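Here the structure comes first, spelled out in structure tokens, and everything after it is commentary.
We did not get these values from a lab; they are worked out from the coordinates using the rules stated. For clarity, every value in this text was computed on a predicted model and none was experimentally measured. No Cβ is skipped: glycine too gets one built from the backbone with ideal geometry, and neighbour counts run over all protein chains shown.
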């Protein structure tokens, strides 16, 4: 029976860790995802996760035991660079993201190849890129870090939800009427970077974008207010991640790609719903 | 107007993008109670000047000063619509209420006073029946009126309008001008960029012609 098998697996702490981290990360990423998609920064997740991958390689070469100490600051710095230079940058949004993204990926792989002491480099790289097992190998300390960071992200989002809406809908109006847009753009950039680094554990560097983009796009098909879209994206994302993790455990499939597959199915259903909706009206 | 308080003071103002200057060495004051219309050809720098006043574009040289105790969060602004907004999933009410975000550092919840003011502004622009509608499903003219309602919510002393009647039918255009003129009568200072020279001249107390400014420079 699948239920028995599931209960059997739930006895293991690493499975419980995976579910806790999975739910929190997908919740945070979907909330910010709505803003990023609407601000036309859908690909930022991809870019930043590749930067995080590059930083990971540097951490491995320097033999830093807690690699978060390098990954987090580097990713945050690049996020600020990409999101806050904005309109006046010499190299515009999408081009800058593409450049940073592939650049970091290539240099990261190069560094790993040149300096790695591991016997199975391509295996290591594959794990970081596709997160094939990493969520099932989390230690208690990493889970606590993830919980604390997620709570901070959620608190920021709830507290500044209306400000984030105002800036997303019309940054010029917000700035002209006295909102400190520079500060909030900085805040959003930092939060996005933190979420991406957390999400890498879940689905790996290559698939992070899916967590950011899919729930938001699914919710936007059907719902008509920003609040409804935000709440729906959060629910869709959490449900898809839960389903993905459970199916992955039961069927022995890779966790990251199974979660993304669940997100794709959800997007498909919401797209169909929107077609039915528009036919009725 | 006698002894009118100056709200915006421009001195030796140069504005532009890259190497192109659209406004050069401009000295200009906007006073409390003015209804200023800015007219001129496309590309003559009208919108750029308005963006300068709105604080969206820093002067290349010279200065734009807010005077007479005018604070940025007492300004209402109606910008031209952006591509992002055209398919944005948000209700009309959410958009109009977002006008209050500049007035408080932290505003996680709207109070009933905010909601009442938002309703008043929606009534003025005849958008109250659209309150729960989705912005992306409205017609161009309806969208424009919603953005005007938001600008009215934010405006306490100064209202900046960038081509407010673009995409409106004649009836809505008439209503729009009546609403603006009413506000002006009640003491609001209005700065409007427009192509509609005839109507502008009817209501406006001052006109700024960017064609003449640029020809004067040459």
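Would you mind computing, in nm to one decimal, how far apart the modelled labels at residue B:137 and residue B:178 are, each placed 7 Å from Cα along Cα→Cβ?
If labels sit at residue B:137 and residue B:178, their model points lie 2.9 nm apart.
Per residue, how big is the convex hull around the C-alpha atoms of chain B? Give it to me in cubic angstrom, could you?
Convex hull volume per residue, Cα atoms: 137 Å³.
Go ahead and estimate [θ] at 222 nm for chain B from helices alone: -39,500 (n - 2.57) per DSSP H run with n ≥ 4, summed, over the residue count, rounded to 500.
The helix-only estimate for chain B comes to -10500 deg cm²/dmol at 222 nm.
If eta is 1.306 mPa s and T is 10 °C, what Stokes-Einstein diffusion coefficient results for segment A:69-218, Kirkwood Rh from Cα pairs, in µm²/s?
Estimated via Stokes-Einstein, D reaches 91 µm²/s.
Please report the equivalent ellipsoid semi-axes of segment B:121-212, computed as sqrt(5 x eigenvalue) of the Cα gyration tensor, largest first, in whole Å.
Each semi-axis is the square root of five times an eigenvalue, giving 23, 15, 11 Å.
List the relative contact order of chain B as a percent without decimals, with contacts defined as Cα pairs under 8 Å and 6+ residues apart.
Rounded, it is 30 percent for chain B.
Could you tell me how far the Cα centroid of segment A:41-75 sits from the Cα centroid of segment B:139-168, in Å?
The two parts, judged by their Cα centres, are 45 Å apart.
If r is the Cβ-Cβ distance from residue A:235 to residue B:17 and R0 is 60 Å, what FRET efficiency results, to the nearest 0.05?
0.85
Once the principal axes of the Cα atoms of the protein assembly as shown are found, what is the range along each, listed largest first in whole angstroms?
Here the spans come out as 83, 52, 35 Å, largest first.
Show me, bin by bin at 10 Å from 0, the whole-percent P(r) of segment B:1-130 based on Cα pairs.
Binned Cα distances yield the sequence 10, 31, 33, 22, 4.
How long are the semi-axes of the equivalent ellipsoid of segment A:200-280, taking √(5λ) for every eigenvalue λ of the Cα gyration tensor, in whole Å from largest down?
25, 13, 10
Could you give P(r) for segment A:1-67, binned at 5 Å from zero, as whole percent values over all Cα-Cα pairs?
Each 5 Å bin holds this share of Cα pairs: 4, 13, 12, 13, 16, 16, 13, 10, 4, 0.
Evaluated at 10 °C with a viscosity of 1.306 mPa s, what Stokes-Einstein diffusion coefficient in µm²/s does chain A have when Rh comes from the Kirkwood expression over alpha-carbon pairs?
In µm²/s, the coefficient is 82.
For segment B:63-120, state the semi-axes of the equivalent ellipsoid (square roots of 5 times the eigenvalues of the alpha-carbon gyration tensor), sorted largest first and rounded to whole angstrom.
With the √(5λ) rule applied to segment B:63-120, the semi-axes are 23, 19, 10 Å.
Scaled to the compact-protein estimate 2.2 N^0.38 Å, what is the alpha-carbon radius of gyration of segment B:46-85, rounded to two decimal places?
Expressed relative to 2.2 N^0.38 Å, the Cα Rg reads 1.32.
Determine, from the Cβ-Cβ distance of residue A:140 and residue A:62 and an R0 of 22 Å, the FRET efficiency 1/(1 + (r/R0)^6), rounded to the nearest 0.05.
0.35
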